[in-house]
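So the structure is just underneath, and the comments pick up after that.
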Amino acid sequence: MLARGAPAVHHESARAVARRPHNRGMDRNPPRQDIDESQLDVSEPKRWAAGIPGVAVSLRRGVEQMGVARTATTLRLLNQREGFDCPGCAWPEPQGHRKLAEFCENGAKAVAEEATRRRVGPDFFAAHPIAELADKTDYWLGQQGRITEPVVLREGSTHYEPIEWHEAFALVASHLNGLASPDEAVFYTSGRTSNEAAFLYQLLVRSFGTNNLPDCSNMCHESSGAALSETTGIGKGSVSIDDFARADLIVVVGQNPGTNHPRMLSALEEAKRGGAKIVAVNPLPEAGLLRFKNPQNARGLVGAGTKLADEFLQIRLGGDQALFQAAGNLLLSWDAADTGFVEGFTEGFAEYAEHVRRLDWDSVDAATGLPRAQVELFARMLADSERTIFCWAMGLTQHKHSVPTIREIANVALLRGMIGKPGAGLCPVRGHSNVQGDRTMGIWEKMPEKFLSALETEFGIDVPREHGFDTVASIRAMRDGAARVFFAVGGNFVAATPDTAVTEAAMRKLDLTVQVSTKLNRSHVVHGRTALILPTLGRTESDLQHTGEQFVTVEDSMSVVHRSRGRLVPASDRLLSEVSIVCRLARAVLGPAHPVPWEEFEKDYDLVRERIARVVPGCDDYNARVRLPDGFVLPHAPRDAREFTGTRSGKAHFTANDLTVLRVPAGRLLLQTMRSHDQYNTTIYGLDDRYRGVKDGRRVVFVSPEDLDALDLLDGQHVDLVSEWPDDPTGVTERRAERFRVVSYPTAKGCAAAYFPEANSLVPLDSTATVSGTPTSKSIVVRLEKV
Ligand SMILES: Nc1nc2c(c(=O)[nH]1)N[C@H]1C(S)=C(S)[C@@H](COP(=O)(O)OP(=O)(O)OC[C@H]3O[C@@H](n4cnc5c(=O)[nH]c(N)nc54)[C@H](O)[C@@H]3O)O[C@H]1N2
Ligand SMILES: Nc1nc2c(c(=O)[nH]1)N[C@H]1C(S)=C(S)[C@@H](COP(=O)(O)OP(=O)(O)OC[C@H]3O[C@@H](n4cnc5c(=O)[nH]c(N)nc54)[C@H](O)[C@@H]3O)O[C@H]1N2
Ligand SMILES: [Mo]
C-alpha cells in the first residue's frame, strides 16, 4: 500500500501490472487497428478523480510502451531535481521537499508516449505510402512509436525516404534562401521546446529576417497575456505554488485540472485542509473539481477522498464575463472594495465603478444561466475572503470576448486588493510544459523593442521590427499564397489549428513543410510539395554534445526557471537535439560568416545561457541560478512589490468592458471543444475518458437531457454537427463534422461539448477573440442533424 512519501512506483507493483494477460508482449507492438467508433461505450460519469484507477492506469500505460524496468527508472526521475521536467503540463513542482513520486497519471502517460520502445524507422515508411497514412487518425499515427531518422518526401513521391542530416539542412536552406522575402516563411513553435532551443530558434528566425513566429500560445493563453499586460503590466500569473496553502478562497474557472493539471489537485487538497474554500465555475461537473482521492497517500487510495469544490457554479459557455461584472457590482454595492489598494495602486476605478453600477441583471441571467442567489453567494464569498486566488485555463481564453472576460477577473482582483500579497493572486494555468518559457525567450510574433534591440547589440546583427504572423494569420498567408515554407519545432499544426479543411488545403499549397518531431502526427501526412521530418530527442533522453552531457532549462506556470536533464538512452543514435537542429540549420541558412557562434553554442549550452542572461530581462546570472536546487523565480513586479512598472502609468488598470451575451438562435446549441482524459492535445494516448464515462471511441457530443428533449433527440442517436457562422468573411457560413454519438450529459443547458481535435473542422478560421486573435474553440453555434 502506498504511504505518503513512499515511492508510488517500484518494481513489484509494475510487475504485477505487467503479469496481467492483456499486457503481455505489448512492448513493441503498436495497434494495427485504428479507432473503431462502433465499439464506443458510454457509462455514468464519475464523481471523483484519481485514486487506485489513476495509479493502475499510469503503470499499465508505462508497461505497454516501455516494459517494466524502463517504467520504474523513468517514472522515478520524473520531476526530480536531478531528473527531467515532465513533458506534460506546466504545473510547478513543489519547492523544497519533493515526494519520490512527483507526477500524476497523465504525466506518466506523457512520459510513456515519449519513452516508448516502439519505433518508426525506414522500414515503416517503405511499407506505408503517404496516401495510406493520410487516412489514419492521430491516435494510430502516434501509437506507432518514435521516429528514428530524418526522412524526406520528395516532390511527386509516394513515400517518405531516409535523408542525411546535412542534406536535409541544405534542402531547407535552399528553399529559404530562394524566397522572394523572408516573410514568405513561417516558423511555428509548440510549447515543449526548451529555453535554450527557443532562444536560438528565434535568433535564427530573426537573423534570417522575419518575425513570423506563431506558436501554440496563440491558440492557448494569448487572451490571458493580452488582458493581464493591459491591466497589471505583465502577461503572467502573480501567484507562487506556496500561495495555495495560504489562500482562504480559490476560484477555478474554465479549467479541468483533474485531467489537464492533476498535480494541481494536491495543491487544492492541501489548501482545503488549511481551511480554504473552493469555487468551481464550469458548464460541466468535472470529476476532479468535485472530489479528489489523492493517489499519493493511503487515505486517497482507500477512503472517500477529499471533497474539493464547496460551491459549483454551472455556468453557460461564455457567461464568465457577466458573472465577474455582477460580482463587481455587488462588491461595490456592499462597499467591499479594498480602498487602500484601489487608491494606492490603481487607476481607472471611477470609470469601472460607473460602468458596473449600470449593470443589466437580465443580461447577467441570460449570459450565465445561474440563479441570482448563487451569483450573490459567490460575491459574498469574495467579499468575505482575505486571500483569494483566481485560476483559469481554456474555458476562458477561447471565446470571442475572452480578453474582456479576463480583464473582468482582473477588475475583481484589483477591487479586492488581491495582487501582491501572500495567498492571493491571478493564476492563468498554462498548458504546455514550457509554453511560458518559450515566450520569455522571444517566441512571439511581436516581441517588444527592448528585446529586439538587446538582441542586435548582443550579437551585432539586424533584426526586423515589423510584426510577424500569429497562428491564424499564418494560415491565411499559406492559404493566400503569401507564405511558401512552413517550419515547425514540435506540435501538430494542422490538427491543433481551427478550420481543418481550410488549414489542410493551405498546408498542401506550400513548397516545403518541415516538422521537427518526436512522433508521427497528422502534420506529417498533410504536407507541402516537399516535406521533411527531422526527428529530435525528447525531454527524457540524454543529450550528449562535444563538452559532455547537457541539460536544458524550462519555466513553469509560476515563473520558476529550473533545469531539466534527460537520462534515458535516446530512441535512436540518429536523433539530434533541438539545439543541434537549430544551430546546424542556422549555419546552412546564414552561412559560416554569420556573427552568431552557432557551432560553439551547439557544443556547450552554457554558452547559450550566457547570452540569455544578457538579453532576456530577469535572467542575470542565469547559469549559476538555474543550478540552484530549485532553480530561481523570474521577477514579477506586481507579485513581488505591488509595483505595476509594465503599464503606461505605473499603476494597475481597471477597465470598463461592454458586456457580451452569447445569444444562440432557436434550435441551436453552443459547442465547446475540449480534451478527454486520455489525450495530450492532438496526441491521443488511449480511448478512455474515464471520468466522463466514454470509452473506446471519441466521436461523441455531450448534450443536456433538457436540450435533448427540446431537440427531439435521444441518447445514443447519431448526428452530424453543423456549425453556423453567418458573419464568415469568406462566405462559407456552414461547416459539418459527421456522425457523432449523442451522449446525454449533465452539462449546462444550451451548451454542448465535443472533443478537440475531432471538432476543429467546425471552428471558422476567422472567428477569433478580439485583441488576442485566439480561435473561438469554446463557443461555436451548432445545429445537430440526425443521420
Ligand atoms: N493530460 C493532459 N494535460 C494537459 C493537456 C492535455 O491535452 N492533456 N493540454 C495542456 C494544454 S496545452 C492546456 S492549454 C491545458 C488545458 O487545460 P483545460 O483548460 O482544463 O482544458 P480543456 O479540456 O480545454 O477544458 C476546458 C475546461 O473549461 C470548461 N469551459 C469551457 N468553456 C467554458 C466557459 O465558457 N466558462 C467556464 N467557466 N468554463 C468553460 C470546460 O468544461 C472544461 O472543464 O492543459 C494542459 N495539460
Ligand atoms: N478546437 C480546439 N483546438 C485547440 C484547443 C482546444 O481546446 N480546442 N487547444 C489549443 C491549445 S491550448 C494548444 S496549446 C494547441 C496545441 O497545439 P500543438 O502544440 O501544435 O499540438 P500538440 O498536440 O501538443 O503537439 C503534439 C506533437 O508534438 C511533437 N512533440 C512532442 N514532444 C516533442 C518534443 O519534445 N520536441 C518536439 N520537437 N516535438 C515534440 C510530437 O510529434 C507530437 O505529435 O492546440 C490548440 N487547439
Ligand atoms: Mo495549451
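222 nm [θ] for the chain, helices only, -39500 (n - 2.57) per DSSP H run of 4+, per residue, to 500? Walk me through the intermediate numbers first.
On the way: 34 runs with 284 residues, N = 787.
Computed ellipticity for the chain at 222 nm equals -10000 deg cm²/dmol.
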Query raised in the report: For segment 669-786, what relative contact order do you get, as a whole percent, if you take Cα pairs closer than 8 Å and at least 6 residues apart?
Result: 38 percent
Query raised in the report: If you place +1 on the Cβ of every Lys and Arg and -1 on the Cβ of every Asp and Glu, how big does the dipole about the Cα centre of segment 223-428 come out, in debye to the nearest 20?
Result: 820 debye
Report summary line: Taking a ≥ b ≥ c as the square roots of the Cα gyration tensor eigenvalues, with a/c under 1.5 meaning rounded and otherwise prolate when a/b beats b/c or oblate if not, segment 627-685 comes out oblate
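Beyond 25 Å between alpha-carbons counts as too far, so tell me which of Lys293/Lys695; Lys46/Lys778; Lys509/Lys786; Lys236/Lys778; Lys46/Lys109 fall in that bin. Working shown, then result.
Working: Lys293/Lys695 22 Å; Lys46/Lys778 23 Å; Lys509/Lys786 35 Å; Lys236/Lys778 22 Å; Lys46/Lys109 20 Å.
Result: Lys509/Lys786 exceed 25 Å.
Based on the alpha-carbon gyration tensor of segment 669-786 and its eigenvalue square roots a ≥ b ≥ c, which shape applies: rounded if a/c is under 1.5, prolate if not and a/b is larger than b/c, or oblate?
Details: a/c = 1.84, a/b = 1.23, b/c = 1.50.
Oblate shape, in that a/c is at least 1.5 and b/c is the bigger or equal ratio.
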Report task. Using θ = phi - 60° and the Karplus relation 6.51 cos²θ - 1.76 cosθ + 1.60, list the HN-Hα couplings for segment 306-323 in order, rounded to whole Hz, with x at every Gly or Pro. Result -> 9, 6, 9, 6, 7, 9, 10, 9, 7, 7, 6, 4, x, x, 5, 4, 5, 4
**Report entry** the chain, dipole about Cα centre (Lys/Arg Cβ +1, Asp/Glu Cβ -1), debye to the nearest 20
**Finding:** 2140 debye
Query - Residue exposure sequence - Ser174, Ser704 - by fewest surrounding Cβ within 10 Å - result: Ser174, Ser704
Query raised in the report: Applying the Karplus parametrisation 6.51 cos²θ - 1.76 cosθ + 1.60 with θ = phi - 60° to the phi angles of segment 202-208, what ³J(HN,Hα) value in whole Hz is obtained for each residue in order, glycine and proline being reported as x?
Result: 5, 5, 4, 5, 6, 5, 5
Query raised in the report: Using the Karplus equation 6.51 cos²θ - 1.76 cosθ + 1.60 (θ = phi - 60°), what ³J(HN,Hα) coupling, rounded to whole Hz, does each residue of segment 699-711 give in order, writing x for Gly and Pro?
Result: 8, 10, 10, 8, 9, 6, x, 4, 5, 4, 4, 4, 8
Report summary line: Taking Lys and Arg as +1 and Asp and Glu as -1, residues besides His355 with C-beta under 14 Å from its C-beta add up to -2
Requested in this report: Please arrange Trp598, Trp334 by counting, for each residue, the other beta carbons lying within 10 Å of its beta carbon, fewest first.
Outcome: Trp334, Trp598
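Determine the relative contact order of segment 589-640: mean sequence separation of Cα pairs under 8 Å and six or more apart, normalised by residue count, in whole percent. Could you put the intermediate results ahead of the total?
Working: 23 pairs, mean separation 10.0, N = 52.
Worked out over segment 589-640, it gives 19 percent.
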Query raised in the report: So how do 735-742, 255-262 stack up, highest first, on mean other-Cβ count within 10 Å?
Result: 255-262, 735-742
Report summary line: If Thr137, Thr405 are placed from fewest to most neighbouring beta carbons inside 10 Å, the sequence is Thr137, Thr405
Report summary line: Under the rule rounded for a/c under 1.5, else prolate if a/b exceeds b/c, else oblate, using alpha carbon gyration tensor axes a ≥ b ≥ c, the chain is classed as rounded
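I need to check one value: relative contact order of segment 223-428, counting alpha carbon pairs closer than 8 Å and at least 6 residues apart, in percent.
32 percent
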Report summary line: Placing +1 on each Lys and Arg Cβ and -1 on each Asp and Glu Cβ in the chain, then taking the dipole about the Cα centre, the residue among Leu228, Phe390, Thr540 whose Cα reaches farthest towards the positive end is Thr540
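What trypsin sites (Lys or Arg not before Pro) in segment 408-498 are in a loop by DSSP, with at most 16 other Cβ atoms within 10 Å of the Cβ?
Values: sites: Arg416, Arg430, Arg439, Lys446, Lys450, Arg465, Arg476, Arg479, Arg484; in loops: Arg416, Arg430, Lys446, Arg465, Arg484.
Hits after loop and neighbour filter: Lys446, Arg465.
No value in this document is a laboratory result; all are computed from the given coordinates. This one's a predicted model, so the numbers in the text were calculated from it and none came from an experiment. Methodologically, a virtual Cβ is constructed for each residue, glycine included, from the backbone with ideal geometry; neighbour enumeration extends over all protein chains shown.
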